[in-house]
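Beneath this line is the structure, given in C-alpha cells, with notes to follow.
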Amino acid sequence: MTAPLHPHYDLLIAAARALPPLRMAVVHPTNAVSLQAALESARLGLIVPLLIGPKARIEAAAQEAGADLAGIELVEAPHSHAAADRAVALVHEGRADALMKGALHTDELMAAVLRSDGGLRTGRRISHCFVLDVPGRAQPLIISDAAINIAPTLEEKVDIVRNAIDLGQALRLPAVRVAVLSAMETVNPRVPSTLDAAALCKMADRGQITGALIDGPLAMDNAIDPEAAHIKGIVSPVAGLANVLIVPDLDAGNMLAKSLSFLGGAVAAGVVLGARVPIVLTSRADTTSARLASCALATLLCQAAREGRIKAVG
C-alpha cells in the first residue's frame with residue numbers, strides 16, 4: 001500500500017476536525033476559488049464561515065462554483081476595504097475567532113488588522129509562518145517570515161521567533177528546534193544575519209526567548225541534514241534536526257518556501273501570528289489541501305491558547 005504523500009497535513013486536519021469548528025470571518029470571498037476554500041473547510045467541520053463582502057458578488061461566485069450557501073451567514077460590505085474593516089469589527093464583537101483572506105490584496109486586509117485605532121495589534125510584532133509538509137521528512141517544517149516582514153531588525157526577529165515557537169507548540173511537535181539561518185554557520189561581522197543569529201541564541205540562553213531549543217547561525221544544509229552537520233563538526237541539539245527555520249529576510253524565506261513547494265513537492269499552509277486572532281492568508285496558487293491545512297493551523301492555535309500552552313492570541 002502506497003504511503004500518503006503528505007501525511008503531516010492529513011494528521012493536522014484530523015486533529016483540527018476533532019475540535020469545535022472555528023468561527024472564521026472570510027473577507028471578500030468574491031471569486032469561486034476563495035469561496036470554495038471556505039465552503040470546503042466548513043464541510044469538513046473545520047470552520048463556521050461568516051462571508052463578508054458584497055452579497056451579490058458572493059452569490060455570483062457561489063453560482064459559478066456550483067455551491068449552495070444555504071445556512072451560511074453573509075455579512076454585507078460594499079467593497080474589499082469595508083469587508084476588511086467589518087471582519088476586524090466582528091473580532092472585537094466576539095463573533096469571529098479568526099480571519100481568512102478572500103479575493104482581496106493582502107495589504108488591504110493587513111491595513112485593517114494593523115490599524116492603531118480599532119485594529120488587532122497586540123504587544124507582539126505580527127509575522128507569518130509557512131508550515132510545509134515536505135515528502136520524506138519525519139516532521140512538518142515551519143519557515144518564518146516569508147510574507148510579512150521584509151527586512152526584520154533583531155528586535156523584530158525576537159517576536160518572529162516567539163511566534164514560530166508558539167506555532168510549533170500548537171502543533172505539539174515533540175521538541176521545537178529552531179535554526180536561525182544564514183549563508184554560513186560561523187559568526188562573521190560582515191554578515192549581519194550571523195550576528196542576529198548569535199544574539200538570538202544568547203537571548204535564549206538568558207531566558208529571554210523560551211519554549212524551544214535554538215541554534216544559529218546555521219546554513220540550510222547543516223540545519224536540516226544530520227550528515228551535513230556531522231561533516232561540519234557542529235555539535236548541537238538543533239543542527240541537522242531543525243523543524244523551525246528562521247530566515248534572514250522576506251526574500252530568502254519566500255524563495256526557500258517556494259523552492260520546497262515547486263521543486264521539492266512540498267505543500268505549504270500558512271498563518272499570520274501576533275495579532276489578536278490567527279489570520280489565514282491564502283494564495284491563488286494554493287492547493288485545496290494547503291487551504292484546508294491553513295484553517296486547521298488557525299484552529300490548533302486557538303485551542304493551544306485556550307489551554308494555556310501558548311500566549312493567548314486574543
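Just so you know, all these numbers are worked out from the coordinates, no wet-lab data involved. The shown structure was predicted, so the numbers you read here are calculated from the model rather than taken from an experiment. All Cβ positions, even for glycine, are placed from backbone atoms using ideal geometry, and neighbour counts span all protein chains on display.
Miscellaneous remarks
- Cross-linked pairs LYS157/LYS258; LYS202/LYS258; LYS232/LYS258: Cα-Cα separations exceed 29 Å for LYS202/LYS258.
- By the count of other C-beta atoms within 10 Å, a proxy for reagent exposure, LEU273, LEU181 are ordered fewest to most as LEU181, LEU273.
- Against the set [x] 18; [y] 15; [z] 47, the structure's computed percent of Cα pairs over 37 Å apart falls on [y].
- Dividing the summed helix terms, -39500 (n - 2.57) for each DSSP H run of n ≥ 4, by the number of residues in the chain produces a 222 nm estimate of -13000 deg cm²/dmol to the nearest 500.
- Counting Lys and Arg as +1 and Asp and Glu as -1 over every other residue whose Cβ lies under 14 Å from the Cβ of VAL187, the net charge comes to -1.
- Distance from the stretch 224-284 to the stretch 105-177 (C-alpha centre basis), Å: 11 Å
- Under 13 Å from LYS55, Cα to Cα: aspartates and glutamates that are on another chain or at least 8 residues apart: GLU73, GLU76
- As a rough footprinting exposure proxy, the listed residues CYS295, CYS201, CYS129, CYS302 were ranked by other beta carbons within 10 Å of their own, and the order from fewest upward is CYS201, CYS302, CYS129, CYS295.
- Relative contact order for the stretch 211-314, counting Cα pairs under 8 Å that sit 6 or more residues apart, in percent: 16 percent
- Listed by Cβ neighbour count within 10 Å, with the fewest neighbours leading, LYS258, LYS157 appear as LYS258, LYS157.
- Taking Cα atoms only, the orientation of helix 288-306 departs from the longest principal axis of the chain by about 80 degrees.
- DSSP beta bridges in the chain [antiparallel fraction, %, rounded to 5]: 30 percent
- Simple spin-label estimate for SER283 and LEU44 in nanometres, 7 Å along Cα-Cβ: 1.9 nm
- Simple spin-label estimate for HIS230 and ARG115 in nanometres, 7 Å along Cα-Cβ: 5.7 nm
- Normalised by the number of residues in the chain, the average gap of Cα pairs under 8 Å and 6 or more apart makes the relative contact order 21 percent.
- Using C-alpha pairs below 8 Å separated by at least 6 residues, the relative contact order for the stretch 123-269 is 34 percent.
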